[in-house]
Structure formats: structure tokens, C-alpha cells
Amino acid sequence: MAYIGNSPANVGNYQLLDDISGSFNGSQTSFALASGGAAMTPAKSSQLLINISGVMQQPDDSGTNGFLVNATNIVFSSAPLAADTFWGVYLGQSVDVGTVSNDTIATAQIRDAQVTVAKMAVNSIDSDQYVDGSIDTAHVADGAITAAKIDSAVELGGPSLGTSSVIRTNAQTISENITIPSTSNGMSAGPITIADTYTVLVNGYWTII
């Protein structure tokens with residue numbers, strides 16, 4: 001069928017009611033409702049569109065005007081005549097989906113940019129979710145990288161002063177036990193004082209300049 005403007009949306013639980021005009025006799029007011037032979041039980045009269053001989057009927061749960069529904073029956077305020085025609089549509093009712101079953105919502109059902117931080121479980125994102133190269137220096141807090149986090153294989157320049165570490169520095173007092181292996185050479189800028197109870201064991205070479 002052609003339409004002027006947009007065609008009706010194919011949505012909703014609309015059902016055409018079976019024709020009950022064959023039971024109209026001018027005295028009966030209550031008629032069983034069915035669609036395709038299956039009994040219908042509307043929750044309220046406003047869920048029905050009812051037309052008698054081209055005249056839309058008013059849904060009225062008080063029973064004063066038009067019609068009301070009583071379980072599976074429609075009850076008219078005045079009895080339709082034997083010559084009257086009938087058509088009706090059941091509009092259905094809102095669907096309560098209840099609790100969604102596990103593993104039924106895929107990414108296609110979630111609108112873009114709808115998942116907020118508040119919807120994420122605490123500690124739900126770990127290194128497995130990081131994309132290689134995604135963490136740059138701007139996202140590392142100042143002072144957040146400790147010596148313990150630096151691989152021991154990484155050779156560091158040590159403490160220094162000035163632009164481009166122009167002056168290398170070292171402490172003047174040793175307050176720990178140190179062993180220089182036989183395969184290593186060491187160098188310090190003096191003077192150097194070894195605090196009481198501490199020792200420097202030199203198996204290799206240590207130069208103080």
C-alpha cells in the first residue's frame with residue numbers, strides 16, 4: 001500500500017481482533033475478545049482501538065461511555081445492533097525485559113561513547129588492555145618512577161648538576177658497606193669519609209681523585 005509521507009513504523013505488539021459482529025443482536029453487550037482465535041486479555045480498555053459501523057468508540061473503564069474490558073471480554077455501554085460492523089486493534093503493552101541474560105549484550109548494542117568511568121569496575125583495566133606505545137611522558141606523574149622500577153641493565157649517568165649534567169657529583173660520606181668486585185673499577189671525587197662501622201672492600205680498583 002502507498003502512503004503520503006513516511007510509511008508506518010513496523011513496531012509494537014499490534015494485533016487485529018477477530019470480528020465479533022456476528023454476535024451483535026441489539027441486546028448483548030459483552031463479547032469475548034480474540035486474535036487469530038487466541039483469547040486476548042488487555043490490561044485496560046485504552047489498549048484497544050474499537051470501531052463500530054465506522055464510529056470510533058471511547059475506552060472508559062467506568063463503563064459509562066463506549067466500552068470497557070473485563071478479563072477476556074469487551075463490554076459495551078450500549079448493545080451494538082445486528083446490522084453494525086466491527087473492527088478492533090489490540091495495541092499491546094510495554095515490554096518488561098527483566099534481567100538481561102548473561103553474555104547477551106554485544107558491543108553492537110552499546111552506543112559509542114556511552115561507557116563512562118563510573119561504569120567500569122575498579123582495577124578492571126590492567127597492562128593487558130594497554131596498547132603498545134599508548135603511555136607517553138605526559139601521562140607519567142613527576143617523581144613517579146623510582147630506582148626500583150628501573151631495569152638493572154640500564155646504565156644511568158648518576159647525580160649531576162647543570163645543563164646536560166655538566167658536573168657529575170657524589171656524596172662525601174659513605175654510610176653503607178660496599179664491595180668492589182675484582183672485575184670492576186671504581187672512581188670517586190674526594191675527599192671521601194667512610195662513616196664508623198661501615199667498610200669498603202676493594203677487590204678490584206678504586207680511584208679517588
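The values are calculated or read from the model by the stated rules, or taken from the named source; none is laboratory data. Please read all numbers here as calculations on a predicted model, not as lab measurements. Please note: Cβ atoms are built from the backbone with ideal geometry, for glycine as well, and neighbour counts cover all protein chains shown.
Here is a yes/no grid of residues against (1) assigned by TED's automatic domain parsing to the domain that holds residue 20; (2) touching a Phe, Trp or Tyr at 6+ places or on another chain (Cβ under 8 Å); (3) modelled with pLDDT of 95 or more:
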{"residue": "41", "(1), (2), (3)": "yes, no, no"}
{"residue": "45", "(1), (2), (3)": "yes, yes, no"}
{"residue": "75", "(1), (2), (3)": "yes, yes, yes"}
{"residue": "82", "(1), (2), (3)": "yes, yes, yes"}
{"residue": "98", "(1), (2), (3)": "no, no, no"}
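Can you say whether residue 94 is under 30 Å from residue 47 (Cβ atoms), within 25 Å of the chain's Cα centre (by Cα) and modelled with pLDDT of 80 or more, as far as the supplied structure shows? It is false that residue 94 is under 30 Å from residue 47 (Cβ atoms), within 25 Å of the chain's Cα centre (by Cα) and modelled with pLDDT of 80 or more. Within segment 132-175, the residues that satisfy the criterion of being surrounded by 10 or more Cβ atoms within 10 Å (Cβ to Cβ) and part of a loop (DSSP other than H, G, I, E, B) are 135, 140, 145, 150, 159, 169, 170, 171, 172, 175. The set of residues in segment 18-36 being over 14 Å from residue 88 (Cα atoms) and part of a loop (DSSP other than H, G, I, E, B) consists of 24, 25, 26, 27, 28, 29.
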